[in-house]
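Chemist: Provided herewith is a single structure, encoded as structure tokens, for subsequent inquiry.
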Amino acid sequence: MQFPDVNQKTFRDILSHRDNSAGAKLLRLLLRLVSWLYAAAVWTRNLMYDRGLLMSASAGIPVISVGNITTGGTGKTPLVIWLCRYLEQKNIKAAILTRGYKTEQGMMSDEPALLAKACPQTAVVVDPDRMAGAYKAFALHNAKTLVLDDGFQHRRLKRDLNILTLDATCPFGYGKVLPAGLLREPLSGVRRADIIVITRYDQVEPTAMQKLETTLAAMATGIPVVKATHKHTHAVASGAKTLPLAALQGKKAFVFCGIGNPEAFFEHVRQNGILIVGTHIFNDHHPFILDDIKMIIRQAKSCGAEIILCTQKDWVKSALLTPEDTDIPLAYLAMELEFVEGEDVLKKAIDAMLEEKLGM
């Protein structure tokens, strides 16, 4: 289900009740009515798969799905990268299947381009038809294992390991299904997961994490839970110039992004000791144009910024648009997944599945 693009911060303020104006209250009521219809449709579809009235098709090779139950950024892309690198270390030829959200026909942008750069030994197949993509991965790239990116709700392709990511800062999308909340389906869907990976573990208070774990223990009894954080390792500026994080501490930065959870990214920037003097939030998967970059540069100058920072996903789409004569450097913060607890559990689950399916 897709909805018209709206200002992302405004939308989250309405859904989270941070905006309690009369207009916001009325809009929440209308959205809830639509939400009930959408939730019923999704619940019925899931029930049909659960009862065998709709059938999942096998790709003929192992499929590992990484997905989320909410819309927006839960940090699944770093997990996909970690997973592909783990398969590379085991000398397993893998391919990533992605639908390429907001990707034009024949083009690779946004997350697919980021995945291709981060996992050079892994083929990235962009196709909204995941079954067709699976065939291409096997026939054209001789893939032995498929990694299904953003595949939790895609039930047509059978998977052998179902990994669900939950963002600790907003795990259940304000408790309501789209468009009244950020849930893609009713919370009962969590039980389909084989493993749950909680991301951004370090960005919530211990009491909030304990409450989340208690909820999951009751909601998804017996499903292993892994905890992870997102760690910035360095910055990369134009010309592939690497900047250590220590060199950015105390710097005045203008920060922009077009991701699902912008506040989480801003908090990461602050945790690195960087002073945020201005921000600009674009909608998730925003297709940057030259005017956007010129506007960002103007805003950065007006704030007295010494550097402009963005995510690597945004850099992929914006770096080539940056004018050469700008006197404020543009850089992205490189990020990787760091496990806090349960990495061995995740590896054992992957190894057991591969042993069963490939004899490895």
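The values are calculated or read from the model by the stated rules, or taken from the named source; none is laboratory data. What you see is a predicted model, and the numbers here were worked out from it, not measured in a lab. Here the Cβ is made from the backbone with ideal geometry for all residues, glycine too, and neighbour counts use every protein chain on show.
Chemist: If you take the residues in segment 155-203 that are out of contact with any Asp or Glu (no Cβ under 9 Å at 6 or more places or on another chain) and polar (S, T, N, Q), which one is nearest to Met48 (Cα to Cα)?
Modeler: Step by step, filter segment 155-203, then rank; the result is Ser188.
Chemist: A further question on this structure: Does Gly260 fit the bill of being of a type in the set (Gly, Ala, Ser), crowded, with 18+ Cβ neighbours inside 10 Å and out of contact with any Leu (no Cβ under 6 Å at 6 or more places or on another chain)?
Modeler: yes
Chemist: Could you list, in sequence order, the residues of segment 17-57 that are assigned to a loop (DSSP other than H, G, I, E, B) and touching a strand residue (DSSP E or B) at 6+ places or on another chain (Cβ under 8 Å)?
Modeler: Scanning segment 17-57 gives a single hit, Ser56.
Chemist: Still on this structure: Among the residues of segment 183-194, is any at pLDDT 95 or above and touching a Gly at 6+ places or on another chain (Cβ under 6 Å)?
Modeler: Taking every residue of segment 183-194 in turn, at least one turns out to be at pLDDT 95 or above and touching a Gly at 6+ places or on another chain (Cβ under 6 Å).
Chemist: Still on this model: Tell me the residue from Gly60, Gly100 that is in a loop (DSSP other than H, G, I, E, B), under 29 Å from Ala264 (Cα atoms) and not charged (D, E, K, R), please.
Modeler: None of the other options fit; the residue is Gly100.
Chemist: Return the residues of segment 325-341 that are free of Cβ contacts under 8 Å to residues at least 40 places away in the same chain and either among the polar types (S, T, N, Q) or more than 16 Å from Ala300 (Cα to Cα) (or both); say none if nothing qualifies.
Modeler: Hit for segment 325-341 is Thr326, nothing else.
Chemist: Just give me the residues in segment 298-327 being crowded, with 18+ Cβ neighbours inside 10 Å, farther than 21 Å from Thr229 by Cβ and of a type in the set (Val, Ile, Thr), in sequence order.
Modeler: If the condition is that a residue be crowded, with 18+ Cβ neighbours inside 10 Å, farther than 21 Å from Thr229 by Cβ and of a type in the set (Val, Ile, Thr), then Ile307, Ile308, Val316, Thr322 are the ones that fit.
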